[in-house]
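Peer 1: Okay, here's the structure, questions in a sec.
The values are calculated or read from the model by the stated rules, or taken from the named source; none is laboratory data. This one's a predicted model, so the numbers in the text were calculated from it and none came from an experiment. We place every Cβ from the backbone using ideal geometry, glycine too, and count neighbours over all the protein chains shown.
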Amino acid sequence: MQNKKYRVFPILFLAFMRVALGVAISLAIPLYYLDIGLEPGTIGVITSGTAMSYLVSPLIFKNLYKKIGVKLTIILSCTGFLIIQIILQFTLEPLAVYILLILDGIVLGSFWPVLMTAVSRISRLEEYNQNNLLKDRLMKRYSLSWNFGGIFSFVLGTIVLFFIEDILLMFIFSLLFATSGLIFAFLIQEPENNLDKEIIVPIDERVKSIPNREDISFPIFLPLVMICVYGFLIGGLGLAYPIKSELLNFPLFTNYLFYFFRMSTQTATLSKTMDLNVKKIKKMILVSNIIVIISFILMGLNYNIVIFGILFCLFGSFNSFYYALAFKLTIFKNIAKNTSKYSVYFEIMIGIGFFLAPILTGLIAELNADLTFFILAILSVFTFIVYLIFYRKIKD
């Protein structure tokens, strides 16, 4: 494995396709049910199905790839995604969709943590082990790949719904994404498990080969809390805006268009942020969190469609700093400890955020749609306070 270049593009393509699939149905499902008059609280429970089972599925499958390999694990998970999408073509009955989303979350537990494990293992290969910049580039490419998957799906949804106001078309595209993902799963190379080799933590170019040494210290719960909040804010906004846009009679395609704005600005920010060291990122969060708070407050007060587009851009640009720092710290901890367990913790915590967000957002929206945005702002304030308390604990 060390004598030939590892083929990374199938992993990047899989991340792209899975997010494209998730985006297609994550907006299509609530929009479909809002159109047929289902209550927001019920919609919130249904859309939380994937995240609910994802709370435990990474733990259930955490050792599967050790027994059957990374490649076969990914093939099986992609097969599961495809079967679920095939069934969705025949029924959108609420209980059936809820069960299918729960199954989707179960299968997801053998997908994202394993992809992150593959990235960690690749980082320990010889060509990466001797080049810290190459490690950072790998993490950047991985992060951008799933972001571009979201952008692609949002653009597709915007175009389709602008010309044809039929949300059911997005379920057909999700089937195509699942099919493409399974095809590329067969192209994955099994990454070598370098458990006994020297580890380089890609923090600083001055750091050389130092076995089993952490060159950055931080409370492990901090990146986990950050990624949980990141998931909650995105998940909350994912239901809050469709509900408010329905009440304001905004065009259907704006749901995908504004989320395209969010994902595009997030991707642009991440492409730059992933090149920064931890010290700079943690300082930027002090500013970005304040802007996120203001954005949510203005969303709650706003009724103008153009201003919503601007606020989505602001949210996407500055909420991404939480993901960047949490992801980097998680990968560094994996490499330093010769383990993949922190990838599992990472995915569980983001699952908690996505699970709770639609349920609470739906219930609150039944009282007042604007109130959901203010609750998200309050959560951002609380997170900002916690981050300030532990800011100095991140030492590099």
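Peer 1: In segment 358-380, is there at least one residue being closer than 26 Å to Ser120 by Cα, acidic (Asp, Glu) and touching a Gly at 6+ places or on another chain (Cβ under 8 Å)?
Peer 2: Looking for residues that are closer than 26 Å to Ser120 by Cα, acidic (Asp, Glu) and touching a Gly at 6+ places or on another chain (Cβ under 8 Å), one finds none in segment 358-380, hence no.
Peer 1: Sticking with this one: For Ile364, state whether it is under 18 Å from the mean Cα position of the chain (by Cα) and under 30 Å from Leu34 (Cα atoms). Show your work before the answer.
Peer 2: Details: under 18 Å from the mean Cα position of the chain (by Cα): no; under 30 Å from Leu34 (Cα atoms): yes.
When the stated conditions are applied, Ile364 does not pass them.
Peer 1: Might you check whether a residue that is surrounded by fewer than 20 Cβ atoms within 10 Å (Cβ to Cβ), under 21 Å from Pro40 (Cβ atoms) and touching a residue at least 12 places away in the same chain (Cβ under 8 Å) occurs anywhere in segment 228-246?
Peer 2: yes
Peer 1: Pick out the one residue from Ile99, Ile68 that is free of Cβ contacts under 8 Å to residues at least 12 places away in the same chain and hydrophobic (A, V, I, L, M, F, W, C).
Peer 2: Of the residues listed, the single one that is free of Cβ contacts under 8 Å to residues at least 12 places away in the same chain and hydrophobic (A, V, I, L, M, F, W, C) is Ile68.
Peer 1: If you take the residues of segment 356-396 that are part of a helix (DSSP H, G or I) and of a type in the set (Asp, Glu), which of them is nearest to Ile297 (Cα to Cα)?
Peer 2: First, pick out the residues of segment 356-396 that are part of a helix (DSSP H, G or I): 356-367, 369-393.
Adding the requirement that they be of a type in the set (Asp, Glu) leaves 366, 370.
Numbers: Glu366: 19, Asp370: 9 Å.
Filtering first and then ranking leaves Asp370.
Peer 1: Go through segment 271-294 residue by residue and tally those that are without any contact (Cβ under 8 Å) to a residue 40 or more places away in the chain and not hydrophobic (A, V, I, L, M, F, W, C).
Peer 2: Total meeting the criteria: 4.
Residues are listed down the side, and each one gets a yes or a no for (1) part of a helix (DSSP H, G or I); (2) among the small types (Gly, Ala, Ser); (3) touching a strand residue (DSSP E or B) at 6+ places or on another chain (Cβ under 6 Å):
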site	(1), (2), (3)
Met52	yes, no, no
Lys66	yes, no, no
Thr79	yes, no, no
Ile86	yes, no, no
Thr91	no, no, no
Ala96	yes, yes, no
Ile106	yes, no, no
Arg121	yes, no, no
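Peer 1: One residue is enough: does segment 15-31 have a residue meeting the conditions under 23 Å from the mean Cα position of the chain (by Cα) and of a type in the set (D, E, K, R)?
Peer 2: yes
Peer 1: A further question follows. Could you count how many residues in segment 179-191 are under 17 Å from Ile11 (Cβ atoms) and outside any loop (DSSP other than H, G, I, E, B)? Steps first, please.
Peer 2: Narrowing segment 179-191 to residues under 17 Å from Ile11 (Cβ atoms): 180-191.
After this cut, where a residue has to be outside any loop (DSSP other than H, G, I, E, B) as well, the list is 180-185.
Of the residues in that region, 6 qualify.
Listed here are the residues, each with its yes/no results for (1) under 18 Å from the mean Cα position of the chain (by Cα); (2) among the polar types (S, T, N, Q); (3) under 22 Å from Gly236 (Cα atoms).
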| position | (1), (2), (3) |
| --- | --- |
| Leu55 | yes, no, yes |
| Thr73 | no, yes, no |
| Leu88 | no, no, no |
| Thr91 | no, yes, no |
| Ala96 | no, no, no |
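Peer 1: Go through (1) in contact (Cβ under 8 Å) with a residue 24 or more places away in the chain; (2) closer than 21 Å to Lys272 by Cβ; (3) not aliphatic (A, V, I, L, M) and name the single condition Thr179 misses.
Peer 2: Here Thr179 meets the rest and fails (2).
Peer 1: Could you say which residue among Asn304, Asn277, Asn289 is farther than 29 Å from Asp370 by Cβ and either in contact with a Lys or Arg (Cβ under 9 Å, 6 or more places away or on another chain) or of a type in the set (S, T, N, Q) (or both)?
Peer 2: Asn277
Peer 1: Do we find that Ile200 is in a helix (DSSP H, G or I), surrounded by 22 or more Cβ atoms within 10 Å (Cβ to Cβ), of a type in the set (A, V, I, L, M) and at pLDDT below 90 in this structure?
Peer 2: Against the criterion (in a helix (DSSP H, G or I), surrounded by 22 or more Cβ atoms within 10 Å (Cβ to Cβ), of a type in the set (A, V, I, L, M) and at pLDDT below 90), Ile200 does not qualify.
Peer 1: Here's something else I'd like to know. Can you tell which of Tyr142, Tyr230, Tyr128 is part of a helix (DSSP H, G or I), over 21 Å from the mean Cα position of the chain (by Cα) and either modelled with pLDDT under 80 or not small (Gly, Ala, Ser) (or both)?
Peer 2: The conditions single out Tyr128.
Peer 1: Related question: Considering only residues that are of a type outside the set (Phe, Trp, Tyr), within 19 Å of the chain's Cα centre (by Cα) and within 14 Å of Leu34 (Cβ to Cβ), which ones fall in segment 235-275?
Peer 2: Within segment 235-275, Gly238, Leu239, Ala240, Asn255 meet the criteria.
Peer 1: Which numbered condition trips up Thr339, out of (1) surrounded by 24 or more Cβ atoms within 10 Å (Cβ to Cβ); (2) not in a helix (DSSP H, G or I)?
Peer 2: (1)
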